[in-house]
1. Kindly indicate whether any position in the range 122-136 is more than 24 Å from residue 356 (Cβ to Cβ) and not assigned by the TED database to the domain that holds residue 189.
2. Need pairs with beta-carbon distance below 8 Å; first residue more than 18 Å from residue 121 (Cα to Cα) and part of a helix (DSSP H, G or I) and within the range 59-77, second open to solvent by less than 30 Å² (accessible area, probe 1.4 Å) and hydroxyl-bearing (Ser, Thr, Tyr); sequence gap 6+ or separate chains.
3. Taking the range 384-433 as the region of interest, how many residues are part of a helix (DSSP H, G or I) and within 16 Å of residue 447 (Cβ to Cβ)?
4. Looking at (1) closer than 30 Å to residue 316 by Cβ; (2) in contact with a helix residue (DSSP H, G or I) (Cβ under 7 Å, 6 or more places away or on another chain), find the lone condition where residue 387 falls short.
5. Got at least one residue in the range 362-375 being small (Gly, Ala, Ser), within 23 Å of residue 440 (Cα to Cα) and surrounded by fewer than 22 Cβ atoms within 10 Å (Cβ to Cβ)?
6. Only helices (runs of 4 or more DSSP H) wholly contained in the range 85-172 count here; list those with 2 or more residues that are in contact with a Gly (Cβ under 7 Å, 6 or more places away or on another chain).
7. Taking residue 414 and the conditions (1) in contact with an Asp or Glu (Cβ under 9 Å, 6 or more places away or on another chain); (2) over 24 Å from residue 107 (Cβ atoms), which numbered condition does it fall short on, given that it satisfies the others?
Amino acid sequence: MSTSPQLCRLTARTNIYMPDTRVFPRWKPLSMRCAAGKSLSGSVAMDVTDSDFDAKVFRHNFMRSTNYNRRGFRHDEETLELMRREYTRSDIIKTLKENENEYTWANVTVKLADSYGFCWGVERAVQIAYEARKQFPKENIWITHEIFHNPSVNKRLEEMEVRRIPVKDGRKQFDVIEKGDVVVLPANGNPVDEMMVLSNKNVQIVDTTCPWVSKVWNTVEKHKKGEYTSIIHGKFSHEETIATASFAGKYVIVKNMAEATYVCDYILGGELDGSSSTKEAFLEKFKFAVSKGFDPDTDLVKVGIANQTTMLKSETEEIGKLAERTIMRKYGAKNVNEHFIGFNTICYATQERQDAMYKLVEQHMDLMLVIGGWNSNNTSHLQKIAEDRGIQSYWIDSEQRVGPGNRIHHKLMHGELVEKENFLPEGPITVGVTAGASTPHKVVGDVLIKVLAIKREEAL
């Protein structure tokens, strides 16, 4: 990629310098062939539920079109420095890291989880999005939904005029996108039907989908090829799970162990708890969480396990073990491979943060601060780990939730937003701190600045 050394400013409020001249890719409409040899090009659309449609072939061609980019635009030095300034630099975090993640300021001891905050996939997504704005300083840039679940990062992209595609009556209004616009695909990924809409427009695609999410897509595609039904551990309304389901063949989405047990009990005809469910009851229970035309009597004969990458690792593992035991019980141990297939699709970053949290809650502390977007699934599981151990824990999305005074606005696990006065005990205290994988380190530092300020005022 060649650029002129001349620089120009995008807008006064972004403070990001852009190359004055750029090399644009040659526009070429995506053309592909599905399994039956039908062509997708220009404005031709196709129902993704069509039995002839091959989502894997579509994605293969989508990613190889000339107007597609998932590697950034070689503005590493500028964007990384900007990201360090906006998301990483914090004197408090620096001090903690230099002291094995534990340090005492006056009467406050802070214990920071060994693994917390921004993961590699999130950093990658932000960097690619920032580079897109540098590469296309004058074009309209759209993003199909939040790049990930963190309010400060999403607000920053809005300030850079990366606009979210509007939603009306629950449907994204893709007609706002015009020829020559740029569209960013968020880290959670996009379902096949949205990719198809975008492939038929003359737009530049900037894909920040986390590779771990793509790995899950590969898993459910293997299930589909082997005619296994995917049991997906996730939330059916979550963007990532919606995208994953779009690449699957037959699927059922289970939110937790209780729903997985219900599915396995159906397979065994009620042997697990002594009460069998009817097909009608099954389909009613999972009416928003199964593939089109799903029949539990025939579609649960062969099953494979997949997951939303931000789910609780231990629960995903238990669901996989339960499904395997169920299949062995139903068809015999020697036939298990004909009816069950399991893959490890748990994101390493999610796993590391959960493992670090389990280690942290074993230590003494007076309270726990869990920092992350209130719609962040991986953050909610960190909060659950603390609550399960009976530790007083506060889930906040930014430093703005702390104060004024010794007050905190936080979210409970079941969704309510509540206010707590005098949340910091008097005298010396020990505070545990962790953050979800989409939380900038600087936000963690800013929260601790607020906490230390409250305790400093107490001592005056």
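1. No, there is no match, as no residue in the range 122-136 is more than 24 Å from residue 356 (Cβ to Cβ) and not assigned by the TED database to the domain that holds residue 189.
2. Correct list of pairs: 62/68; 62/199.
3. The total comes to 4.
4. Every listed condition holds for residue 387 apart from (2).
5. no
6. 91-98, 120-135
7. The failed condition is (1).
The rows are residues; the columns are (1) crowded, with 16+ Cβ neighbours inside 10 Å; (2) aliphatic (A, V, I, L, M); (3) within 23 Å of residue 188 (Cα to Cα).
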position: 340; (1), (2), (3): yes, no, no
position: 344; (1), (2), (3): no, no, yes
position: 350; (1), (2), (3): yes, no, yes
position: 354; (1), (2), (3): yes, no, yes
position: 397; (1), (2), (3): yes, no, yes
position: 408; (1), (2), (3): yes, yes, no
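The values are calculated or read from the model by the stated rules, or taken from the named source; none is laboratory data. These figures come from a predicted structure and were not determined experimentally. FYI the Cβ positions are ideal-geometry reconstructions off the backbone, even for glycines, and counts take in every protein chain you see. Remember, those area values only see protein heavy atoms, side chains included, never the ligands or the DNA or RNA. Shrake-Rupley method; radii C 1.70, N 1.55, O 1.52, S 1.80 Å.
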